[in-house]
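Please treat every number below as a calculation from the coordinates, not as lab data. What you see is a predicted model, and the numbers here were worked out from it, not measured in a lab. All Cβ positions, even for glycine, are placed from backbone atoms using ideal geometry, and neighbour counts span all protein chains on display.
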Amino acid sequence: MTSKLPNAQTSIFAVMSKMANESKAINLAQGFPDFDVSPVLIDRIHYYMQQGYNQYAPMPGVQELRTAIAKKIEKTYSVGIDEDDVTITAGATQGLFAVITAIVHAGDEVIYFDPAYDSYLPAIQLSGGIPVNINLDKDDFSIPWEEVARKITSKTKLIIINTPHNPSGAILSAEDIEELARLIRDKEIYVLSDEVYEHLIYDGEEHHSVLKNEELKNKSIAVYSFGKTFHATGWKMGYTIAPDFLTAEIRKVHQFMVFSVSTATQWALADYLQDSKNYEYLSKFFQAKRDLLLSLMKPSRFIPVKCQGTYFQTFSYREISDRTDREMAAWMTKTHGVAAIPLSPFYTDGSDHKQIRLCFAKSEDTLKQAAQKLCQI
């Protein structure tokens, strides 16, 4: 059999989590919280299950949830969208895959930025697209727009951006969004904007969604995650927002991938979104965790990279070791009992800048225990 993804390997997240379990290490590698989901939200799911909401939901998603999302977008970004432009997906990753599959044809070029979330490349390849990767600045993870301009060709069909950025924690500025709009003006190029950490923005900064730029809004797809927002990654609940002509194509793929997603959970989320306090606290909540981790790591030899969003903090270990980042992550896990993610697997070319990523979506005790071990290195 000829593999469609001959170079695909087991996800680094799975590799490091397995290693963490085997070594009984503190797992700051995989991006999931170790604290509970809101009992109010869980109670609402239980309520709808008891009420019999256990069969297929409508393919685009429960209307009440799509309406609640439209209202949330308007409240958060002062942007009006139609509920018919919202599609509920089985997590953001399924949404990303459906978007790429719907838009990219064989021979189309897709520009994306490394280090990149690991689902982008295989989705491009499975669609017959030609991946065009551009490395972000290794120090501040900013986009080199002059290189983007050079890489755009008549075959460019899609540009994928991610803000706040996983794995680095960097964010795009309003100027970045304006530059993107300028570069694709009058071109048949679409934008896929991965915005799953939209509410995790720190230091008084704001999230610059493509939806807030009128020019980009009409040719962009934004992807979001309830799992990231409400500490429930295992529920695999997300959604896409796109103009009607793109939404129609996305749903053609979506209906034959999963058709629809958890009915009771959709109804519960529709209720939970009514109170904006259920997500507006997140920036302050996670910034406190980031600040705690940075404070605890101050005595260490690790050098933090500026983190403005997500719940990931990148550190350089250049002053500690000349090991590759994979070797460093394995050594930290097995010898010092803390699992991290190396950044080189997020690069198409395997670039290794001696950086590792720690997830701080953890309890205060977990962060203190992990930092105590890391400060001994």
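Observations on the model:
- Residues in segment 166-200 that a label on Y77 would reach, taking backbone N under 14 Å of a point 7 Å out along Cα→Cβ: 172-174, 177-178, 181, 191-200
- Using only the C-alpha atoms, the convex hull of segment 115-197 corresponds to 97 Å³ per residue.
- Label zone of A8 (point 7 Å out along Cα→Cβ, amide N under 15 Å): in segment 100-129 this covers 100-101, 118-129.
- Candidates R326, R357, R182, ranked by Gaussian network fluctuation over the chain, Cα under 10 Å, top entry: R182
- Semi-axis lengths (Å, descending) of the ellipsoid that matches the C-alpha gyration tensor of the chain: 31, 26, 20
- Three semi-axes describe the equivalent ellipsoid of segment 286-377; taken as square roots of 5 times the Cα gyration tensor eigenvalues and ordered largest first, they are 20, 15, 11 Å.
- Proximal charge balance of A371 [Cβ under 14 Å; K/R count +1, D/E count -1]: +4
- Local electrostatic count, L296, Cβ distance below 13 Å [Lys/Arg +1, Asp/Glu -1]: +3
- Note on the chain: with a GNM built from Cα contacts shorter than 10 Å, the maximum mean-square fluctuation among V104, V191, V258 falls on V258.
- Relative counts (whole %) of C-alpha pair distances in segment 29-157, using bins that are 5 Å wide: 2, 8, 11, 13, 15, 17, 16, 9, 5, 3, 1, 0
- Under-5 Å amide H pairs with Y347, H placed in peptide plane, nonlocal only: A116
- Summarising the label geometry, the points placed 7 Å from Cα in the beta-carbon direction at E206 and M59 lie 3.8 nm from one another.
- Springs join every pair of Cα atoms under 10 Å in this Gaussian network model of the chain, and among V86, V132, V40 the largest mean-square fluctuation is at V40.
- Stokes-Einstein, applied to the Kirkwood radius of segment 182-227 over Cα pairs at a viscosity of 1.306 mPa s and 10 °C, places its translational diffusion at 134 µm² s⁻¹.
- Multiplying the residue separation of M1 and C375 by 0.36 nm and removing their Cα-Cα distance gives an extension gain of 129.8 nm.
- With all pairs of different C-alpha atoms in the average, the Kirkwood value for the hydrodynamic radius of segment 152-249 is 14.2 Å.
- Relative to the current alpha-carbon distance between T324 and H353, full extension at 0.36 nm per residue lengthens the span by 9.6 nm.
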